[in-house]
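Comments concern the structure below.
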Amino acid sequence: MRHLISITDLTKSEIDELIELGLKIIENPKDYSEVCRGKKLATLFFEPSTRTRLSFEAAMLELGGQVLGFSSADTSSAAKGESVTDTVRTVACYADIIAMRHNKEGAPLAAAMKSTVPIINAGDGGHQHPTQTLTDLITIKREKGYIGDITVGFCGDLQFGRTVHSLIKALLMYSGIKFVLISPNELRVPGYIREALRHHNAEFVEIERLEEVIDELDVLYMTRVQRERFFNEADYVRLKDSYILTLDKLKTAKQELSILHPLPRVNEIAVEVDDDPRACYFKQVLNGKYIRMALIMKLLELV
């Protein structure tokens, strides 16, 4: 039995296999419509979610399986003080696989240590979000035709952005990636991410102005400044509008640029950008369903 807690739980070849399976599902969804018949997925979301939770549920339903779970800790026994591990041991009696989101870093790992069914980390605090990373990677593959030998810009909240941390770790498995880290000084990537970049001898730069590098980028990964990660409201207000992508700022960007965003968006991408052919973030949403279908099949050993 395997769990997915961090993207590094997968090898590069396993990631590539999942992407290829996701692409096959996209091409022939009917071939996979009964794969999970008789199987149940539990979605345990202690923290709010739209895309991740619904894409997991849609993925399982389209595989012919069933779904149970909760979308808020308030509607579970966690509101009565039940521990994460007790919750998971209980739910494992009813389901074959669990997708779990929690506001505390490490909670899915703790759950995996006690669970009798596979656990998928659907986001834990500001730490990891491996299934979003798989979503990002399949999107890059579909848009570029390959992963590697590209310049990827990460812009916004790079300190608390768990999707950023996971995607950087995954891209370090591929060759020829140049990383451009664009953020205010207060929201730079954590030291452990910087050390990982250095350990892999990756080419990276840290700057504060998007306009200085947008013409160099093949992929631009925008993120929101996350209010829920701040302890000080004043700091959030001061930093929340640090980067707003507009059509004017895209004038010098490559026509082949792919703009990604894990969503939800607040105002860091102007709505006017949505109709630009370089905007890929709603494509990401759909890709997320297919890659999660592939992941569920792999962890249930159905492929």
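Summary of computed values
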{"item": "Subset of 39/144; 178/283; 254/283; 24/114; 80/283 violating a 29 Å alpha-carbon distance limit", "result": "39/144; 24/114; 80/283"}
{"item": "Long-range amide H partners of residue 69 with built H, under 5 Å", "result": "43"}
{"item": "Sites matching GluC sites (Glu not before Pro) across segment 1-77 that sit in DSSP coil, with at most 16 neighbouring C-beta atoms within 10 Å", "result": "34"}
{"item": "Mean accessible surface per residue for the chain, computed with a 1.4 Å probe while every protein chain stays in place, in Å²", "result": "44"}
{"item": "Axial C-alpha extent at least 24 Å, average Kyte-Doolittle at least 0.0 - helices from the chain (DSSP)", "result": "281-299"}
{"item": "Residue-averaged 222 nm ellipticity for the chain, from DSSP H runs of 4+ at -39500 (n - 2.57), nearest 500", "result": "-10500 deg cm²/dmol"}
{"item": "Accessible-area composition of the chain, carbon plus sulfur, in percent [1.4 Å probe]", "result": "49"}
{"item": "The chain: antiparallel DSSP beta bridges as a percent of all, rounded to 5", "result": "5"}
{"item": "Trypsin sites (Lys or Arg not before Pro) restricted to segment 1-84 and DSSP loop, no more than 16 other C-beta within 10 Å", "result": "2, 37"}
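The values are calculated or read from the model by the stated rules, or taken from the named source; none is laboratory data. This one's a predicted model, so the numbers in the text were calculated from it and none came from an experiment. For neighbour counting, all protein chains shown are included, and Cβ atoms are generated from backbone atoms with ideal geometry for every residue, glycine included. The area values use the complete protein model at the heavy-atom level, side chains included, leaving out ligands, DNA and RNA. Shrake-Rupley method; radii C 1.70, N 1.55, O 1.52, S 1.80 Å.
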